[in-house]
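Shown next, in structure tokens, is the structure this report addresses.
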Amino acid sequence: MSDEAFRTVIEPFRIHSVEPLRMTTAEHRRQVAREAGYNLFQIRSENVLIDLLTDSGTGAMSRDQWAAIQHGDESYAGSPSYFVFRDAVRELFPYEHVIPTHQGRAAEKILFGALGGVGKVVPSNTHFDTTRANIEFTGAEALDLVIAEGHDPSSLHPFKGNMDTARLKALLAERGDNVPCVMMTITNNSGGGQPVSLENLRAVSEIAHAHGKPLFLDACRFGENAWFIREREEGQGERDVPDIIRDMAACADGMTMSAKKDPMGNIGGWLALNDDDLAQQCRSVLILTEGFPTYGGLAGRDLEALAQGLKECVDHDYLRYRIRSTAYLADALDKLGMPCLKPAGGHAVYIDARALLPHIEPLHFPGQALAVALYEAGGVRSCEIGSVMFGRHPDGSESPAAMELVRLAIPRRTYTQSHIDYVIEVCERVKARAGDLPGYRIVDEPPALRHFTATFEQFG
Ligand code: F0G
């Protein structure tokens, strides 16, 4: 039991092995940024001091996860490690078929390879970029139907990840024949790490099922979502997180999953579902692209580490610390007057770059400008989630994204409070000269997922 009377957000672990951080100078970082074409994905991580690019695969594994790795059985077929993994998944998500993949996007590729295609439309609260890209790759349309509050950075709605059920109903009434399934992303990463309520999940489930459509969860941050439900949803405050998760699972017919998030893996994912025929079809593709269905692109040792991580990520002391430590950063930035998306997300704080840098127009990428400035000023690597990521459409046209955000994603159990205090100081310095930051233009970009490889130059 933790003592909630204390103010300090204490990490519910102590450090067991350490890795060094490399200190760099501002001059060196400016050179590194220039040489990387101002694309932070192109920077070598030893030139980064605090890496908040992503919470994906960057968490610290526990003592017990490293111990579980020793139990890994590397048999090609029928490894006991698969069954340990499958049972740990089904403890929370009791779906019939559990198909391991090397990470989340591999599960998406396989699922939408089966369900997508030209003329189809897949609604979600908000698709993550790889999900969107995998849907669009099949010729289908990926449609975001988050509630209006989800687009308003200052709205304090407790479940800004909820889907607009009226729009879902209208879509199914108008184009139902072309909708193969409904998706829900929990938490809603591209919309600010915002949770979805159990009530909304149940309503979406009812609507989808009334039209005979399966509901799939993109469930990467299910533990964080469940904690928000426990804290914010009426009647949920006394419940055990695993029970809340089982209720979330019961709304859906399957899930795609990146185990690099809440399950504390450095690699891994899965596709789980109830439909026997669809599972059969997916397993056949899995064998072509990932591996045999009892390992699916992972080593037996990875499966063991994930099974243990699944137990740790639903622990109440861990989740309380996780959500409060993200809010700690958000509260401090708020005090500095840094415009942030509210309320704080589960895994990340999102700075509203459009509000901070009104002198930079959206297609000159205010989010990119802020992300580069944070790196150059203090070696803090963040991620633009705005018009660089979402501004270009499959037909080659461009329009501003709904929001221009910069995400400070917090790796799980990796940084201490003093690291975060340093990040706050870097933000303070950058804010003080926000009016001087230049906009950017793209010099070179690939046709899809341009944020990973595009190169930029500064205006002025
Ligand atoms: N869905 C969501 C909601 C995600 O956040 C991610 C990854 C994926 C699917 C794909 O999973 O990376 O294992 O293939 N998000 C990372 C991020 C990359 O930084 O937010 P993956």
**Fill in**
The condition from (1) over 20 Å from residue 42 (Cα atoms); (2) within 19 Å of the chain's Cα centre (by Cα) that residue 399 misses is numbered (2)
**Request:** Pairs only if they're at least six apart or on different chains, beta carbon under 8 angstrom, first in the range 122-147 and acidic (Asp, Glu), second assigned to a loop (DSSP other than H, G, I, E, B) and at pLDDT 95 or above; list them, first residue then second.
**Result:** 141/120; 144/125; 144/126; 144/127
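May I ask you to say which residue of 217, 201, 156, 111 is within 21 Å of the chain's Cα centre (by Cα) and assigned to a loop (DSSP other than H, G, I, E, B)?
Working: 217 fails: assigned to a loop (DSSP other than H, G, I, E, B); 201 fails: assigned to a loop (DSSP other than H, G, I, E, B); 111 fails: assigned to a loop (DSSP other than H, G, I, E, B).
One residue alone meets the criteria, 156.
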**Asked** Looking at 152, 164, which one is farther than 19 Å from residue 214 by Cβ, modelled with pLDDT under 95 and of a type in the set (D, E, K, R)?
**Response** 152
**Prompt:** Does any residue of the range 95-103 turn out to be within 30 Å of residue 371 (Cα to Cα) and modelled with pLDDT of 95 or more?
**Reply:** yes
**Prompt:** Name the residues in the range 163-177 that are over 17 Å from residue 126 (Cα atoms) and β-branched (Val, Ile, Thr), would you?
**Reply:** none
**Complete:** Per the filter on the range 205-219, residues farther than 20 Å from residue 104 by Cβ and buried (at least 24 other Cβ atoms within 10 Å of the Cβ) are 208
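Going residue by residue through the range 282-304, is there one that turns out to be in a helix (DSSP H, G or I), touching a residue at least 40 places away in the same chain (Cβ under 8 Å) and under 21 Å from the mean Cα position of the chain (by Cα)?
Yes, the range 282-304 contains at least one residue that is in a helix (DSSP H, G or I), touching a residue at least 40 places away in the same chain (Cβ under 8 Å) and under 21 Å from the mean Cα position of the chain (by Cα).
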**Item:** Subset of the range 337-394 (residues that are part of a helix (DSSP H, G or I), more than 28 Å from residue 158 (Cβ to Cβ) and of a type in the set (Phe, Trp, Tyr))
**Value:** 375
**Item:** Qualifying residue in the range 92-101 (condition: of a type in the set (Ser, Thr, Tyr), within 16 Å of the ligand (Cβ to nearest atom) and within 25 Å of the chain's Cα centre (by Cα))
**Value:** yes
**Request:** Name the residue, out of 71, 127, that is assigned to a loop (DSSP other than H, G, I, E, B), at pLDDT 95 or above and either in contact with a Leu (Cβ under 9 Å, 6 or more places away or on another chain) or within 16 Å of the ligand (Cβ to nearest atom) (or both).
**Result:** 127
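Hey, could you check the range 24-59 for residues that are of a type in the set (Asp, Glu) and not in a loop (DSSP other than H, G, I, E, B) and say which is nearest to the ligand (Cβ to nearest atom)? I'd like the intermediate steps shown before the answer.
So in the range 24-59, the residues of a type in the set (Asp, Glu) come out as 27, 35, 46, 51, 55.
Then drop every residue that is not not in a loop (DSSP other than H, G, I, E, B), which leaves 27, 35, 46, 51.
On the way: 27: 29, 35: 23, 46: 20, 51: 11 Å.
Step by step, filter the range 24-59, then rank; the result is 51.
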**Message:** Restricting to the range 220-234, name every residue that is touching a residue at least 40 places away in the same chain (Cβ under 8 Å), part of a loop (DSSP other than H, G, I, E, B) and surrounded by fewer than 23 Cβ atoms within 10 Å (Cβ to Cβ).
**Reply:** 233
**Asked** Out of 264, 257, which single residue is within 26 Å of residue 176 (Cα to Cα) and within 16 Å of the ligand (Cβ to nearest atom)?
**Response** 257
**Complete:** Scanning the range 91-121 for residues that are touching a helix residue (DSSP H, G or I) at 6+ places or on another chain (Cβ under 6 Å) and on the phi > 0 side of the Ramachandran plot gives 119
**Request:** From 272, 252, grab the single residue that is of a type in the set (Gly, Ala, Ser), surrounded by 23 or more Cβ atoms within 10 Å (Cβ to Cβ) and more than 21 Å from residue 77 (Cα to Cα).
**Result:** 252
**Prompt:** Are any residues in the range 94-108 charged (D, E, K, R) and either crowded, with 24+ Cβ neighbours inside 10 Å or within 13 Å of residue 273 (Cα to Cα) (or both), and if so, which ones?
**Reply:** 96, 108
**Prompt:** Do we find a residue being in contact (Cβ under 8 Å) with a residue 24 or more places away in the chain, within 16 Å of the ligand (Cβ to nearest atom), within 17 Å of the chain's Cα centre (by Cα) and closer than 22 Å to residue 56 by Cα anywhere in the range 161-169?
**Reply:** yes
**Item:** Close pairs (6 angstrom Cβ cut-off, 6 or more residues apart or separate chains): in the same structural domain as residue 45 (by TED's automatic domain parsing) in the range 379-406, away from the ligand (no atom under 15 Å from the Cβ) and among the hydroxyl-bearing types (Ser, Thr, Tyr) anywhere
**Value:** 379/24; 381/375; 400/387; 401/387
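What are the residues in the range 23-42 that are of a type in the set (Ser, Thr, Tyr) and either loosely packed, with under 13 Cβ neighbours inside 10 Å or modelled with pLDDT under 95 (or both), if any?
24, 25
The values are calculated or read from the model by the stated rules, or taken from the named source; none is laboratory data. Quantities reported herein were computed from a predicted structural model and do not represent experimental measurements. A quick note on method: Cβ atoms are made from the backbone with ideal geometry, for glycine too, and the neighbour counts reach across all protein chains shown.
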